[in-house]
Amino acid sequence: MSNGSQNKIDELTRDDVFSELKSLVNVFCPFEAVGMVGQEIKHSHYLSYILNPNRPHGFEDKLLHGFLTLVLQDAMDAGERLAMLNLNNAQIRREWKNIDLLIEIPRSDGCKGLIVAIELKINAVESEGQLKKYNDIILRNYLESEWNQQFVFLTKNGTVPQRKTDREIWKPLKLASVVHQLEKDASVAGFFGTSADMLTAYIEMMRRHHMGNPEIKKIAARLWNQHPEALDILMRHKPDLIGDVLKELCGRKGEIAAEMVSQPRYDFVDEKSQKKIHRFSVKSWKQIDGLQIGDQTILDSKNLLVIEIQIVKHEIRIMITMVGGGEPRVRKDFYEKIKKEEKLQGMHSKSPCMDYRDSWIHLTSKTLWSNDDAKDTEVSPEKIVDESVVKRAADFLETTLPVYDKVIGEVFGSPSVIEGKNV
């Protein structure tokens, strides 16, 4: 770093405004210490604990009542319905059939019970078909004749569900609204002790990381106005662990193949890649003439199918993609067969795509590493790839590629995989 750059940074760190900012953010927080900030599962665990009136936190049913009042505020006769339910009988379930939070309050005094399904997103995005799946599960297990049902999509910004039909069922709710409600109920009740201190720490952590703090925003604006060059330098040198993990992983295709022990070993061939997207294809697939109908403007080959490892928002994902090119009839035939086979195999399947004409379509995918993981670890990219990411990629391909081999054989002709070797 040049002397000029160093001087700019020294000026920034000596500024009293910078010291003021440090005093606001440099506080001990138990939730930050256990890596909770961006990890949805830990938020769900904590919320399920404090909302459960039968846990020894001293909040009784007051936080649950406030939360349900917030969730049901647009429902007719919500207050009357709540008054008729015994909240002490509530059960708070975590990850029941993969639903983040499920609040179940049995019927009492002749009124229906109440079931509230909550899907929580911090930095992750909604998976296609996820909300419909959960809605169907609730409808099968909690009959409308016996239960009032409420579906809540709880996100940082009050994001609405992607699908129109889901938007009609799932109520979007901001995390900030929940935090404000918790703070209000705690203030009115005058809670004290360890549980109350932890709740205060949780609320302050949420403000620092997920809600925006007006005071911090004001100080940051002053620093950007007075020290733009120094802050630009720091931004250019900001660590990018998730990008470094992707870069490290991209050169490890041989190790991924070596991990695929229960299926014939596949050889992978590099395709044209970009900074945040690394592409490769299966060597045996490139030897099938019928499959060589893809758009070559982006790839090195004409292969219709390509494996991609890329950064998508806050995650590194591996996916099998059908590129542009080929006849719409052939593309439609392959797409429908692979979706049917995925369903039979119990694989994760994206919602149906009706555009088979010439667009790129991501077919099957898996998250290998997320930005939440990156925030909460200090290990090197090499160790991350060694200890988890290569294995996850291999597991995905070991399960997925034989399914694709089968469908490719039906549509284009069989890949040449004999005694574990591609020929």
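Read-outs: derived from the displayed coordinates by stated rules, not from any lab. The structure presented is a predicted model; accordingly, all values stated were derived computationally and were not measured. Methodologically, a virtual Cβ is constructed for each residue, glycine included, from the backbone with ideal geometry; neighbour enumeration extends over all protein chains shown.
How far is helix 3-14 tilted, in degrees, relative to the longest principal axis of the Cα atoms in the chain, given as a value from 0 to 90 rounded to the nearest 10?
That works out to roughly 30 degrees.
Which whole-Hz ³J(HN,Hα) couplings does region 301-306 yield from phi under the Karplus relation 6.51 cos²θ - 1.76 cosθ + 1.60, θ = phi - 60°, glycine and proline marked x?
10, 9, 5, 6, 10, 9
Quick check on region 35-191: take the gyration tensor over C-alpha atoms, sort the square-rooted eigenvalues as a ≥ b ≥ c, and tell me if it's rounded (a/c under 1.5), prolate or oblate.
oblate
Starting from the Cα of ASP16, step 7 Å along the direction of its Cβ; do the same at ARG93; then give the gap between the two resulting points in nm.
5.8 nm
To the nearest 10 degrees, how steep is helix 241-250 against the longest Cα principal axis of the chain, on a 0 to 90 scale?
Tilt of helix 241-250: around 20 degrees.
Loop sites only, by DSSP: take the chymotrypsin sites (Phe, Trp or Tyr not before Pro) in the chain that have at most 14 other C-beta atoms within 10 Å and name the longest stretch containing none of them.
Longest run free of exposed loop sites: 193-359.
With only Lys, Arg, Asp and Glu charged, each at its Cβ (+1 for the first two, -1 for the last two), find how big the charge dipole of region 35-191 is about the Cα centre; round to the nearest 20 debye.
Magnitude of the dipole: close to 340 debye.
So how far apart, in nm, are the two label points at ALA201 and GLN6 if each is 7 Å from Cα heading toward Cβ?
It works out to 3.9 nm between the two label points.
Compute the longest continuous run of the chain that contains no exposed GluC sites (Glu not before Pro); treat a site as exposed when its DSSP state is not H, G, I, E or B and it has at most 12 other Cβ atoms within 10 Å.
Result, exposed sites excluded: 169-377.
Could you state the number of Å between the C-alpha centres of region 275-342 and region 8-68?
Rounded to whole Å, the Cα centres lie 43 Å apart.
Label the chain by shape, choosing from rounded, prolate and oblate, from the square roots a ≥ b ≥ c of the eigenvalues of the Cα gyration tensor; if a/c is under 1.5 it is rounded, and otherwise prolate applies when a/b is larger than b/c, oblate when it is not.
Oblate.
Under a Cβ-only charge scheme (Lys and Arg +1, Asp and Glu -1), can you give me the dipole magnitude of the chain about the Cα centre, in debye to the nearest 20?
Roughly 720 debye for the chain.
I'd like the orientation of helix 62-71 relative to the chain: the angle between its Cα long axis and the longest Cα principal axis, in ° from 0 to 90, rounded to 10.
60 degrees
Across region 155-253, how large is the tail of the calculated P(r) beyond 21 Å, expressed as a percent of all Cα pairs?
So the pairs more than 21 Å apart make up 64 percent of the total in region 155-253.
So which aspartates and glutamates pass the test for LYS156, namely a Cα distance under 13 Å, with those fewer than 8 places away in the same chain ruled out?
The qualifying aspartates and glutamates are GLU40, GLU119, GLU126.
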